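What follows is a short report on a single structure.
Just so it is clear, none of the values below were taken in a lab; they were calculated from the coordinates. Here the structure is a predicted model, which is why all the values come from computation and not from measurement. Cβ: placed from backbone, ideal geometry, glycine included. Neighbour counts: every protein chain shown.
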Amino acid sequence: MRLTALAVLAVVLLGAAPALGGGRPNPADLEAEIVCPTCKTTLDQSNSPIASRMKAYIRERIAAGDTAAQIKAQLVDQFGPAVLAEPPKRGFDLLAWLLPIGGLAVGAVAVAALAWTWSRRGHDESEPQPLDPDLERLVDTELARFEE
Amino acid sequence: MTGRAKTVGQALALLMVASLLGLLAWKVVWGGDGGAAAALEQGDSPAAPAFTLPRIDTTGDLSLESLRGKALVVNFWASWCIPCKDEVPFLQKTYEKYREQGLVVVGVDAQDFRQDAKRFTKRFGLTYPIVYDGKGSTLGKWGVTGFPETFFVDRQGRLVGERIVGGVDIDRNREAYDRGVKLALGTP
């Protein structure tokens, strides 16, 4: 019984080990977030010499215990911010995130305003309009003649 | 929607379209990707695009402007580039041969790891000045399309001769290289 409990505890601890490691970076994840400076695709899509060197660098730094943020910062220091597949969410680069959202919001408001205007116009047109007196007289005359 | 709101909306839409067209025109006219190399290929002799970059071979920065009055061979390279390894002994020989006449070979290491570039210069015993441009900020202005590429700059700071695409000292470009060195030096 005690042995079984110890075995279960060992399995649980082993399973939890990666999580307890403070989120050790996964090379594949980083390779999908870093752009090869010569071919402009992410590292996982490229086998160019510099992409291969950068992949090796990422593995070296992971083995040395660096976090994903530290490795990205080192690559930005060497190759500039264009090496990041996604622009950082701060400063001027924040615009790259906000502008599309702002554009969508403006578009949604415009569509809503148009829909509201069209629906009101349709509603106004459904209400009966007073007939022209001459036309009304003519209709009455014609109806009276029809009934005869 | 009132007539006024409709007019304002149409004006905004027109303004947006005009702005986009303006950006496109600006990109076509001023944002050409050819850089100085394109002007050189059209027979012009444009000013060599300026740069001030940190040195790899020693401390401090090197400004191209500080070399005005010298004949320059400007070589763009990276440590991961195979033909770059083949051509550097020849560039070093050029530097040693013409140094007394006022020629300087300037290596621009771009899109590379700084430490790799340092190892490269030590391995090949390079003594000419080498700067580091990891971000590749000079490439567009010069019109560099790959590595290695070599340009010649005369003593007035203008590009002369031909741009050499690929490694130098091969049959294909040896003549152009020698001509470029002579034009830069101003010797017949």
Pairs of Cα atoms farther than 24 Å apart, chain B, %: 43 percent
Spin-label model distance (nm) - A:ARG120 vs B:LEU20, 7 Å beyond Cα toward Cβ: 2.9 nm
Net charge dipole size for region A:89-148 [Lys, Arg +1 and Asp, Glu -1 on Cβ; Debye, nearest 20]: 1060 debye
Relative contact order for region B:111-188, counting Cα pairs under 8 Å that sit 6 or more residues apart, in percent: 23 percent
GNM top mover of B:LEU159, B:LEU15, B:LEU62 - chain B, alpha-carbon springs below 10 Å: B:LEU15
Above-threshold pairs, the threshold being 30 Å between Cα atoms, out of A:LYS40/B:LYS93; B:LYS70/B:LYS118; B:LYS27/B:LYS85: A:LYS40/B:LYS93; B:LYS27/B:LYS85
At least 27 Å along the helix axis (C-alpha) and Kyte average at least 0.0, DSSP helices within chain B: B:3-30
P(r) tail fraction, the protein assembly as shown - alpha-carbon pairs more than 38 Å apart, %: 46 percent
Net charge over other residues, Cβ less than 15 angstrom from the Cβ of B:TYR98 (K, R count +1; D, E count -1): +2
Normalised alpha carbon radius of gyration of region B:41-119 [divisor 2.2 N^0.38 Å]: 1.17
Region A:18-86 shape via C-alpha gyration tensor axes, a/c threshold 1.5: prolate
